[in-house]
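The values are calculated or read from the model by the stated rules, or taken from the named source; none is laboratory data. Remember, it's a predicted structure, so these values are computed and weren't measured experimentally. So basically every Cβ, Gly included, is an ideal-geometry build from the backbone, and we count neighbours across all protein chains shown. These area figures cover heavy atoms from the full protein model, side chains too; ligands, DNA and RNA do not enter into them. Shrake-Rupley method; radii C 1.70, N 1.55, O 1.52, S 1.80 Å.
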Amino acid sequence: MGYSKNWKWGMIFILPWFLGFCILQAYPLIMSLYYSFTDFSILGSGDFVGLDNYIRLFTKDKYFIKSLTVTFKYALISVPMKLLMALIVAMILNMKLKAINLFRTVYYLPSIMGGSVAISILWKFMFMKEGMVNGFLGIFGIEGPDWLGNQNMSLITICLLVVWQFGSSMVLFLAGLQNIPTDLYEAADMDGAGKIMQFFKITLPMLTPVIFFNLIMQIIHALQEFTSAAIITGGGPNHATYLMGVKIYEDAFRSLKMGYASATSWVLFVIILLITMLIFRSSDAWVFYNDGRD
Amino acid sequence: MTRKGSKAIAVAMSMVMAFGIAGCGESAAADTTQSAAETTAAESGAAETQAAESAATEEPVTLRYAWWGSDNRHEAMLAMIEAFEAKYPNITVEAEYQGYDGYYEKIMTELSSGTAPDVMQIETGWIPDIQGAGDYLADLQTLPVDLTTLKPGLLDASGMYNGEANLFPCTVGSSCVYVNTEFASAHGIDLSKVYSWDELMELGSAIHSENEDLYLMTADTDILNKLFFQPYLVQNTGVALIDEETMEMTFTEQNAADAFQMILDMYESGTLEPFGEANTFAGSMNQDQRWINGEIGAILGYTGNAPVYQDSTTAAVDVMAFPRIENAKSNGITYAGNRGAAINANSENIDTAALFVDYMMNDEEAISILGTNLGFCPTTTADKVLLADGTVGELQTKGIELAQPDSYVTNATSGNTDLATTSKDLIEEVVYGEVTPEEAAAELMEKYQEILDLLK
Amino acid sequence: MKKHMKLTWAYIFVIVFGLIMIFPLIWMFFATFKDNKELFGSLTILPKAFSLEPYINGWKGSGQFTYLTFFANTFKLVVPTVAFTVLSTGIVAYGFARFNFPAKRILFGLMISTMMLPDAVIMIPRYVLYNKLGWVDTYFPFWVPGLLACYPFLIFQQIQFLRGLPRELDESAYMDGCNPFMVYARILMPLLKPCIFSVIIFQTLWRWNDYFNNLIYISSVKKFTLSLALKMSIDSQGASTPWNQIMAMSLLSLIPPILLYFFAQKYFVEGVTAGSIKG
């Protein structure tokens, strides 16, 4: 493949990032890889231990596999739910309703609140055994589960929190919807295509770059998720919400095993990289770009 | 058009360059100051003894002092610093204060990069991590800090590591049982009695079977480990969990199995609020709705937390003695300071830092300004000043008085984070029925041994 | 008729779900009037009494500085960072999306992969580096990464949107004598408005709520931002926390991002339909 006519311009344009990468990002990345072969403890200088950390991870750490399982479960539940939710709401909020600005803002509120202390207290109130959600279910005679204390429920509860904060994906879908030229719909209307048909034939294909982006990003984030579990359950009970992000953080800053945490992180890195590459490979088949390339 | 575009890029580029250069310039400057400071530090080390006097007259010095706390502590500390600065006009103290969350991470990061403050508040439990990795904290014995005012045994129990005094404990405390007095009188809890664990369970079982909504006690994993599991073991042995000389466990597998069994029984008898429900409030049991509403009678806690429990429920809160096994060799809880002031060993102004710590802990003016906001009377001077003007909280005093006589002295290794994590993990597995107490005990012994072998 | 029904359903949906969405904010608002016992002890949403005291006391902050300082600091940190980020990530995205140059795939892969390592293990070496650059206790650790486009998420996002724009647009601009930079500034950027506004919103929110980086890099209380200030009086270890004041200040701290979102969102719906995209 040949380079484009103005390829030197392209290189100039990416220069800020390239400098940023070389000056600010490369060193920490390389160091963390180096630490993964040492017993670095933040304070100590760290002796080289070869592959010890990696070997220990796969042979001696019974929480590694558990944590990996929990993380995959979390990603498998939360990512599709969040994207679906975001897409549906974006479609509706793209309609010409009265006070639509207000609604769009209201739907973004949970995301604005992020992982604040208010959220962590509120979430406990909502989902504790005698909390608001179970009180609400009680009205219909349903005895609700112990959302946070039950090993089988707590991960779902964490997922609910992040699904409820679907705002950023929604914003991207909304922005994506604006990029679909209206004349496509006009033409479809003239051809007599129904709304559902239009959704599948126009909206969805035109949104695939955004869907693709959201999917990649949400997976990368989900596999590293830390905040939601840290503020609500702290990884418990009995490691039921012990996400990789939580494990890495605790190993690094609680047990001060930065070398070990780095090794765990690089294993996670490889996993995320493989999954991302897989999705990138598949994108040729289902992502539609308007720029007439690839 | 073309020229305009390239001009814009040129401008952007030069901005980037300028930034790069500015960054380098700054770092070079910082390096120089640092090396200059090192020289000063070396010189001042020689003239250590006169430092206290000379610090008062020398040129301007700036100290950085970091602590965590609540608004009360922040305000008291700032007032104390003001008084200090008035006394030593050439010294400026820069206060770096924040909440508890993140403080540990921040201090660790700063220590590792040599940017730590001159004086910092740290927890006793952090010292092995810090000093084990390198010489980060100064030995107060070599500095002009008067350690003799500390209450007997306190320095050994909480400030010493490897023969160095790395911490001036700023508080003294122990553990006790916080009791909701209304709950106690309604259900016949005798506040003056020393209960055994079994008696507590009998009582708890009776209360819960009478009214399903009520529980005698509640606990999160951390409390289960530090205030159920460990005291139970120590009550059997009378000594710290790990013998630091031999690096061996002092308790037997049977002891551990019994301790796990005791915790399990606590749940099965309905004495403890179900684990899952309680654990929702892990780290802040005072927020447990049942406790607030008087449906839980008691919580095992630290004497230093008295204000938290006192304020959290409408009924009056009292303290009672710690539960124990029959024929206990000690009450299984420590009498020590879990927090204190440490001096950065690489501080540029180490003697001024020492002067400041000495002022904060030993000066009567400082003590009366700080009251109990920094901690609970670690020194005899503090006793004299604070008991006289009645600033000392009654509940806290009582809790400590109850605990002190029969307490034991723990050591740094017994407080190791990895050991604690191991027993906490196993406690949860026992509570959730994944392993039996016997299996848990066997695994605990094995894991502990592994960790201890590494520590050797 | 049919259309009418559909709208009604849409209204029912947005209102019912809207209530769930706004519930935390309402709860938080009322929580600012409760003392700790009422806050944690009961499930009722309405407080027993209303008083402005939590707002007044909360605003005073703890110690030397009021929330005025913390708000001002947050703006000082966030506004330049966001401005730099928008400019730098936009141009980098353009470079990746529209040009084919040597090693592009590798560089793109490198950029995306910098997102795949958990922050917890990069934190320390990054601190070491920034400390060597003399940036500790300044806002440079936030501004410079913005300037140097260290936000691959936002670059990738803009690449995806750029790729949704037909290349014919560029070609015709070249015909008119534009250089590549002009093509971006004059033709593509205006069409990317919805995307760029979402970049502004995301970056503002992240920086506004970011706690850990602020914690590590900012030591002087006089430079504290809101996210640090909100936690500076919570000592879970030994003192009871005035939650109503913290809730009150949290609520106030949400107002600027909410306003930003409210006023920026009209640009999400002002898309290419208005412009000339039919290349």
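Overview of results
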read-out	value
Residue check, B:ALA83 within 20 Å of B:ASN362 (Cα to Cα), assigned to a strand (DSSP E or B), more than 10 Å from chain A (Cβ to nearest Cβ) and not aromatic (Phe, Trp, Tyr)	no
Those residues of region A:238-258 which are among the charged types (D, E, K, R) and not in a helix (DSSP H, G or I), in sequence order	A:LYS257
Helices (runs of 4 or more DSSP H) fully within region C:76-187 counting 2 or more residues that are within 17 Å of A:ILE12 (Cα to Cα) and facing chain A (nearest Cβ under 9 Å)	C:104-113, C:152-162
Qualifying positions in region A:203-237 - assigned to a helix (DSSP H, G or I), facing chain C (nearest Cβ under 8 Å) and within 25 Å of B:GLU428 (Cβ to Cβ)	A:GLN224
Residue within region A:139-151 that is among the polar types (S, T, N, Q), within 17 Å of A:PRO237 (Cα to Cα) and more than 10 Å from every other protein chain (Cβ to nearest Cβ) present	no
Options A:LEU243, A:LEU256: the member that is touching a helix residue (DSSP H, G or I) at 6+ places or on another chain (Cβ under 8 Å), within 24 Å of A:THR59 (Cα to Cα) and more than 14 Å from chain B (Cβ to nearest Cβ)	A:LEU243
Enumerated helices (runs of 4 or more DSSP H) restricted to region B:289-397, each holding at least 1 residues that are away from chain C (no Cβ under 14 Å)	B:350-362, B:364-370
Qualifying helices (runs of 4 or more DSSP H) (wholly inside region A:56-161; at least 3 residues being of a type in the set (S, T, N, Q) and at negative phi)	A:62-93, A:100-113
Residue among B:GLY163, B:GLY173, B:GLY134, B:GLY153 that is within 10 Å of another protein chain (Cβ to nearest Cβ) and open to solvent by 20 Å² or more (accessible area, probe 1.4 Å)	B:GLY134
Condition broken by B:LEU402, with the remaining ones in (1) in contact (Cβ under 8 Å) with a residue 40 or more places away in the chain; (2) open to solvent by less than 60 Å² (accessible area, probe 1.4 Å) satisfied	(2)
Residue in region B:424-434 that is touching a Pro at 6+ places or on another chain (Cβ under 7 Å), open to solvent by less than 30 Å² (accessible area, probe 1.4 Å) and in a loop (DSSP other than H, G, I, E, B) present	no
Residue check, C:PRO194 closer than 20 Å to A:LYS5 by Cα, within 8 Å of chain A (Cβ to nearest Cβ) and touching a residue at least 60 places away in the same chain (Cβ under 8 Å)	no
Number of the exception - C:LEU148 against (1) out of contact with any Pro (no Cβ under 9 Å at 6 or more places or on another chain); (2) farther than 25 Å from A:GLN218 by Cβ; (3) open to solvent by less than 30 Å² (accessible area, probe 1.4 Å)	(1)
Residue in region B:114-128 that is of a type in the set (Val, Ile, Thr), open to solvent by less than 30 Å² (accessible area, probe 1.4 Å) and assigned to a strand (DSSP E or B) present	yes
Candidates A:THR203, A:THR182, A:THR227 - the one that is open to solvent by less than 20 Å² (accessible area, probe 1.4 Å) and within 30 Å of C:GLN158 (Cβ to Cβ)	A:THR203
B:ALA79 being open to solvent by 10 Å² or more (accessible area, probe 1.4 Å), aliphatic (A, V, I, L, M) and within 24 Å of C:LEU226 (Cβ to Cβ)	no
Where A:MET277 falls short, out of the listed (1) over 19 Å from A:TYR63 (Cβ atoms); (2) of a type in the set (A, V, I, L, M, F, W, C); (3) in contact (Cβ under 8 Å) with a residue 12 or more places away in the chain; (4) open to solvent by 10 Å² or more (accessible area, probe 1.4 Å)	(3)
Pairs, first away from chain A (no Cβ under 12 Å) and in a loop (DSSP other than H, G, I, E, B) in region B:263-285, second open to solvent by 10 Å² or more (accessible area, probe 1.4 Å) and modelled with pLDDT of 90 or more, C-beta under 6 Å, six or more apart	B:SER269/B:MET201; B:SER269/B:SER205; B:GLY270/B:SER205; B:GLY270/B:HIS208; B:THR271/B:MET201
Neighbours by Cβ (under 9 Å, 6+ apart or cross-chain): first from region B:435-456, without any contact (Cβ under 8 Å) to a residue 40 or more places away in the chain; second loosely packed, with under 13 Cβ neighbours inside 10 Å and not in a helix (DSSP H, G or I)	B:GLU450/A:LYS60
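To keep it simple, each residue is scored yes or no on (1) within 13 Å of chain B (Cβ to nearest Cβ); (2) within 28 Å of B:MET285 (Cα to Cα); (3) surrounded by fewer than 17 Cβ atoms within 10 Å (Cβ to Cβ).
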position	(1), (2), (3)
C:GLY41	yes, yes, no
C:LEU52	no, no, yes
C:ASN57	yes, yes, yes
C:LYS60	yes, no, yes
